[in-house]
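The values are calculated or read from the model by the stated rules, or taken from the named source; none is laboratory data. Bear in mind the structure is a predicted one, so any value in this text is a computation, not a measurement. Positions of Cβ are generated from backbone atoms using ideal geometry, with glycine treated the same way; all protein chains shown enter the neighbour counts.
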Amino acid sequence: MTDLSRRKLIIGGLAATAGVASLGVAARIAQKYGLIPPDHGGIYGFGETLTYASHRLLTRHSLAREFSESQISRPPLANEMPPLNNAYKRLQAGGFADWRLTVTGMVDRPAAFSLAQLKSYPRRSQITQIACEEGWSYIAEWIGVPLSHVLDLVGIQPRAKYVVYFSIDPDWWDSIDMSDAMHPQTFLAYGMNGDELPIGNGGPLRLRVPRQLGYKSVKFITHLTVTDSLKGFGKGLGSVEPEAGYAWYAGI
Amino acid sequence: MPGSESAQVPLAACVASSASTVPSTASTVPVRTVTPRHSALVRITHWITTLCFLALLVTGMEIVISHPRFYWGETGNVLTTPLFKIPIPSSRSLVPTGYGYVLPDQNGWSRYLHFQAAWIVVLTGLLYVISAFFTGHLRKDLLPAESDLSWRGFSNTVASHLRFERPSEAEAWSYNVLQRLSYLFVIFVLFPLIVWTGLAMSPAFVSAFPVTVTSLGGQQSARTIHFFVTIALVLFLLVHVAMICVAGFKSRMRAMITGRMIARRADTHTERT
């Protein structure tokens, strides 16, 4: 072995060690500051973690773009969806009077809210765009109560990291981190364009997460759970989306 | 290696810029030489970029298939008039394509791989551009010489391309002016534009940097521009590969893989004409 190649070997070895060590340190820091998404395993974990971490660092306090009333898409598109189940139809027959949003998990006061209760809280509206991962989009006025208002009412515990939310369709649930959950534009939406929220757009209650793609805005919300770990939900990937091959974080 | 290829020419002698016409020896006999052509960094970043581009292209097409309609402005969906449609079947039944069937949905892994390849190609591109500034690669190999930008120099190169002339031996050692300009265009115009229009489609990214999308006229405009920039990049790829075939597929591939060029080189010729 010549001197040159030995030197190269030593430098290369040191560089590799330093690289692995700094990756380890970066992973620890990222874990601590909540920069690692639940679907970070597997071959796409590298890109997914970079996307989620950089978005969390860049967009922690940013607001989704809002539009003028004249920019609202008319008519609003109601995306195709699976047929509504019997539980939904029963509640629909009763005019959704018995629709409940139950909130459990790491909260001080677990509660169940009726639509009337939710509507009695400060009413907020936003004109934002909903974009589908397929490529289409529309703009609508969304009316509802900020999720943070409801979370403040039940009192989230300090260890809480995620809010898991469930549709009345048992195969449809998702989760967001506390940064998105407490975001002022994350709504429990019950109205659209000055009216009730149409069934096709998720009525009577939809979680609206405007800084992420449409599939994070789950329709027909009946249940929320506040948690510090997503391991116990489904396959532990954070939502049904990664189980079907889609990213948990949909900010891009 | 055959013995005749032994003469190692120092790197400085074969890099492009020196327009020296002074022959290094008095001999006019062509000699076969093995000489460094592309640096390791150029080769590695070239092939990583190639792999990422192909991954981005395939996954991008898969994503487009789920909604093969393009719009201008902020919004667009099946209820609005498209700017244009691609007449192919869709992977989603929402889109009225005129075909009686839908293709398998491949968006999940396509989106995962698209963004992963995007990260890798952006990081690779940054490494390449930053090092190109510091190593002189940009100045020596990419920026055209003043003489090349004269009308005569430029038209000579264009004319020889139009005649489909096999490039002279000299061109194996340096990029000609058309090559330089198209590489610069890809690196400093198309590449930033494809990244920008991609980010402009991200609802989270534009919440922090709204001007990235408003300056393009809206999210759907960004998607449409992203599509056209892709077409420009594919055209570049096709011409790039065609030119390599014209110039000598084996020697150019060898140069980009091993970094070495084996070619006949008359010592007396000027390196760039």
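Can you name every one of the helices (runs of 4 or more DSSP H) wholly within the range A:115-182 that holds 1 or more residues which are within 14 Å of chain B (Cβ to nearest Cβ) and under 20 Å from residue A:103 (Cβ atoms)?
The helices (runs of 4 or more DSSP H) meeting that bar are A:178-181.
Of the residues that make up the range A:193-203, is at least one of a type outside the set (A, V, I, L, M), part of a strand (DSSP E or B) and in contact with a strand residue (DSSP E or B) (Cβ under 6 Å, 6 or more places away or on another chain)?
No, every residue in the range A:193-203 fails to be of a type outside the set (A, V, I, L, M), part of a strand (DSSP E or B) and in contact with a strand residue (DSSP E or B) (Cβ under 6 Å, 6 or more places away or on another chain).
Looking only at the range A:237-247, count every residue that is in contact (Cβ under 8 Å) with a residue 24 or more places away in the chain and within 7 Å of chain B (Cβ to nearest Cβ) and tell me the total.
Looking only at that region, the number is 2.
Residue by residue through the range B:141-160, note down the ones that are surrounded by 16 or more Cβ atoms within 10 Å (Cβ to Cβ) and assigned to a helix (DSSP H, G or I).
Of everything in the range B:141-160, those that are surrounded by 16 or more Cβ atoms within 10 Å (Cβ to Cβ) and assigned to a helix (DSSP H, G or I) turn out to be B:141, B:142, B:148, B:153, B:154, B:157, B:160.
Could you tell me how many of the residues in the range A:219-252 are of a type in the set (Val, Ile, Thr) and more than 21 Å from residue A:81 (Cβ to Cβ)?
The number of residues fulfilling the criteria is 4.
What residue, among those in the range A:95-114 that are within 21 Å of residue A:226 (Cβ to Cβ) and of a type in the set (A, V, I, L, M), is surrounded by the fewest Cβ atoms within 10 Å (Cβ to Cβ)?
Among those that are within 21 Å of residue A:226 (Cβ to Cβ) and of a type in the set (A, V, I, L, M), it is A:112.
Considering only the range A:87-100, I want to know if a residue exists there that is more than 30 Å from residue B:75 (Cα to Cα) and assigned to a strand (DSSP E or B).
For the range A:87-100, residues more than 30 Å from residue B:75 (Cα to Cα) and assigned to a strand (DSSP E or B): present.
Please go through the range B:36-64 and give me each residue that is within 14 Å of chain A (Cβ to nearest Cβ) and either of a type in the set (Lys, Arg) or within 17 Å of residue B:228 (Cβ to Cβ) (or both), ordered by number.
Result: B:56, B:60, B:61, B:63, B:64.
What pairs can you find where one residue is in the range B:164-176 and under 17 Å from residue B:142 (Cβ atoms), the other is of a type in the set (A, V, I, L, M) and modelled with pLDDT under 75, and their Cβ atoms are less than 6 Å apart, with a gap of 6+ or different chains?
Hits for this filter: B:172/B:263; B:174/B:16.
Could you grab me the full set of residues in the range A:199-236 that are of a type outside the set (A, V, I, L, M) and within 14 Å of another protein chain (Cβ to nearest Cβ)?
A:200, A:201, A:208, A:210, A:211, A:212, A:214, A:215, A:216, A:217
Given (1) within 14 Å of chain B (Cβ to nearest Cβ); (2) surrounded by fewer than 16 Cβ atoms within 10 Å (Cβ to Cβ); (3) touching a residue at least 24 places away in the same chain (Cβ under 8 Å); (4) more than 22 Å from the chain's Cα centre (by Cα), where does residue A:85 come up short, assuming only one miss?
(1)
Looking at the range B:65-116, which of its residues are more than 7 Å from chain A (Cβ to nearest Cβ), assigned to a strand (DSSP E or B), surrounded by 22 or more Cβ atoms within 10 Å (Cβ to Cβ) and not charged (D, E, K, R)?
Correct list: empty.
Which residue, of B:133, B:205, is within 27 Å of residue A:215 (Cα to Cα) and out of contact with any Lys or Arg (no Cβ under 8 Å at 6 or more places or on another chain)?
Of the residues listed, the single one that is within 27 Å of residue A:215 (Cα to Cα) and out of contact with any Lys or Arg (no Cβ under 8 Å at 6 or more places or on another chain) is B:205.
If we scan the range A:51-62, do we find a residue that is closer than 24 Å to residue B:107 by Cβ, free of Cβ contacts under 8 Å to residues at least 60 places away in the same chain and polar (S, T, N, Q)?
yes
Considering (1) more than 10 Å from chain B (Cβ to nearest Cβ); (2) closer than 20 Å to residue B:123 by Cβ; (3) without any contact (Cβ under 8 Å) to a residue 12 or more places away in the chain; (4) of a type outside the set (Lys, Arg), say which one residue A:43 fails and leave the rest.
Going through (1) more than 10 Å from chain B (Cβ to nearest Cβ); (2) closer than 20 Å to residue B:123 by Cβ; (3) without any contact (Cβ under 8 Å) to a residue 12 or more places away in the chain; (4) of a type outside the set (Lys, Arg) one by one, residue A:43 breaks only (1).
In the range A:57-82, what count of residues is obtained for those that are surrounded by 14 or more Cβ atoms within 10 Å (Cβ to Cβ) and not hydrophobic (A, V, I, L, M, F, W, C)?
Summing the residues that are surrounded by 14 or more Cβ atoms within 10 Å (Cβ to Cβ) and not hydrophobic (A, V, I, L, M, F, W, C) in the range A:57-82 gives 8.
Against the definition (of a type outside the set (D, E, K, R), under 11 Å from the mean Cα position of the chain (by Cα) and either within 12 Å of chain B (Cβ to nearest Cβ) or part of a strand (DSSP E or B) (or both)), how does residue A:250 come out, yes or no?
Yes: the conditions hold for residue A:250.
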